[in-house]
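Asker: I have a structure here, written as C-alpha cells, and I will follow up with some questions on it.
Each reported figure results from applying straightforward, stated rules to the coordinates on display, with no laboratory input. Because the structure is a prediction, the values reported are computed rather than measured. Don't worry about glycine lacking a Cβ; one is built from the backbone with ideal geometry, like all the others, and counts go over all protein chains shown.
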Amino acid sequence: MSQYPIAVIIGSLRRDSFNRKLASAIVKLAPPEFSFKQIQIGDLPLYNQDDDENQAESVKRFKAEIAAAKGLLFVTAEYNRSIPGVLKNAIDHASRPYGQSAWVGKPAGVLGASIGAIGTSMAQQHLRNVLAYLDVPTLGQPEAFIQAKEGLFDEAGNIGADSRKFLQGWIDHYIAWVKKHSN
C-alpha cells in the first residue's frame with residue numbers, strides 16, 4: 001500500500017480532455033511511495049443545501065475518497081476564465097454540511113492545460129481562492145500554466161520531451177509539499 005495516497009480531481013468531464021491526459025501522465029513522474037486515484041465527480045448531483053442531512057451515495061463516496069487521501073491534485077480546465085461548474089459543484093459537496101468539510105488540511109497542487117497561451121491561469125487562481133477559504137494548503141510555486149500543443153504528450157501518452165523537465169520539477173515540488181503538510 002502507498003504511503004501517500006493522492007486524490008486526483010479533474011475539472012473536466014470530457015473523455016478526451018487535455019487535463020485528463022495531463023493527470024494520467026504527470027503522476028508517472030512521481031516516486032513509488034505516492035499513489036494517485038482519479039476521483040469521479042461527474043455523478044454528483046447539483047449541490048443543494050436542503051440535501052446536507054441526506055447526502056446522495058455518490059456524495060458520501062466522494063467525501064470518503066477525499067478523507068482517505070493524504071493529498072489532493074487538482075488538474076483543471078478553464079471555462080470562461082474560471083473553474084468548470086462541475087468542479088465547483090464537487091468542491092461544494094465535499095465542504096458540506098458546514099463544519100464537516102472533507103477538504104480541511106489536505107495539501108494540494110493545482111495545474112491545468114488548455115490550448116490558450118496562458119494555459120488555465122485564471123481557473124487556477126479562482127480555484128486557489130476557493131481552496132484558501134476551505135483551509136487547503138496549496139502549493140504556490142512553481143505555477144504550471146500549460147499550453148496544450150503538439151509535443152505535450154508523446155505517442156504513449158507520457159509527458160513529451162519538451163515539457164518533461166519542467167513538469168518533473170513541478171511534481172518534485174508537489175511531492176515535497178505533500179510530505180511537509182500531510183497528517
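Asker: Assigning unit charges at the beta carbon (Lys, Arg +1; Asp, Glu -1) and nothing else, what dipole magnitude in debye, to the nearest 20, does the chain show about its Cα centre? Walk me through the numbers on the way to the answer.
Answerer: On the way: 20 positive and 18 negative charges, 71 e Å.
So the magnitude is around 340 debye.
Asker: Also, I was wondering about something else. Quick one: what are the phi-derived ³J(HN,Hα) couplings along the stretch 44-59, Karplus 6.51/-1.76/1.60 with θ = phi - 60°, whole Hz, x for glycine and proline?
Answerer: Rounded to whole hertz, the list is 6, x, 4, 5, 9, 4, 4, 8, 4, 7, 9, 5, 4, 4, 5, 5.
Asker: Further question on the same structure: Set Lys and Arg Cβ to +1 and Asp and Glu Cβ to -1, take the dipole of the chain about its Cα centre, and tell me which of 126, 104, 171 lies farthest positive.
Answerer: 171
Asker: Rounded to the nearest 500, what is the chain's calculated 222 nm mean residue ellipticity when only DSSP H runs of at least 4 contribute -39500 (n - 2.57) each, over all residues?
Answerer: Values: 5 runs with 65 residues, N = 183.
Helices in the chain give a 222 nm mean residue ellipticity of -11500 deg cm²/dmol.
Asker: Compare 27, 110, 130 in a GNM of the chain, Cα atoms joined below 10 Å, and give the one with the largest fluctuation.
Answerer: Of the options given, 130 has the highest mean-square fluctuation.
Asker: For the chain, compute the number of Lys pairs whose alpha carbons are separated by less than 16 Å, excluding pairs fewer than 8 positions apart on the same chain.
Answerer: 14
Asker: Using amide H atoms built in the peptide plane, which far-off residues or other-chain residues are under 5 Å from residue 119 H to H?
Answerer: Residues meeting the criterion, in which the H sits 1.01 Å from N, are 114.
Asker: A further question on this structure: Around residue 108, what is the net charge, scoring Lys/Arg as +1 and Asp/Glu as -1 over all other residues with Cβ under 12 Å from its Cβ?
Answerer: Details: positive: 70, 106, 128; negative: 135.
Surrounding charge for residue 108 is +2.
Asker: Kindly write out, for the stretch 125-139 in residue order, the coupling ³J(HN,Hα) from the Karplus curve 6.51 cos²θ - 1.76 cosθ + 1.60 (θ = phi - 60°), rounded to whole Hz, with x marking Gly and Pro.
Answerer: 5, 5, 5, 4, 4, 5, 5, 4, 4, 7, 6, 9, x, 10, 4
Asker: May I pose another question? Report relative contact order for the stretch 4-181 in percent, whole number only (criteria: Cα-Cα under 8 Å, sequence separation at least 6).
Answerer: Details: 315 pairs, mean separation 44.2, N = 178.
About 25 percent, as a whole number.
Asker: Further question: Among bridges DSSP assigns within the chain, what percent are antiparallel (round to 5)? Walk me through the numbers before you get to the answer.
Answerer: Values: 2 of 20 bridges.
In the chain, approximately 10 percent of DSSP beta bridges are antiparallel ones.
Asker: Who wins for biggest fluctuation among 94, 30, 123 in a Gaussian network model of the chain, springs between alpha carbons below 10 Å?
Answerer: 30
Asker: Could you tell me which of 39, 67, 146 has its Cα farthest along the dipole of the stretch 4-181 towards the positive end, charges placed at Cβ (Lys, Arg +1; Asp, Glu -1), taken about the Cα centre?
Answerer: Towards the positive end, the residue furthest out is 146.
Asker: Just to be sure I understand: with springs between alpha-carbon atoms less than 10 Å apart, which residue in 147, 100, 40 has the highest mean-square fluctuation in the Gaussian network model of the chain?
Answerer: Most flexible of the set in this elastic network: 100.
Asker: Under a Cβ-Cβ cut-off of 11 Å, what is the net charge of the residues other than residue 120 that fall near it, where Lys and Arg count +1 and Asp and Glu count -1?
Answerer: On the way: positive: 81; negative: 78, 143.
Around residue 120, the charge tally is -1.
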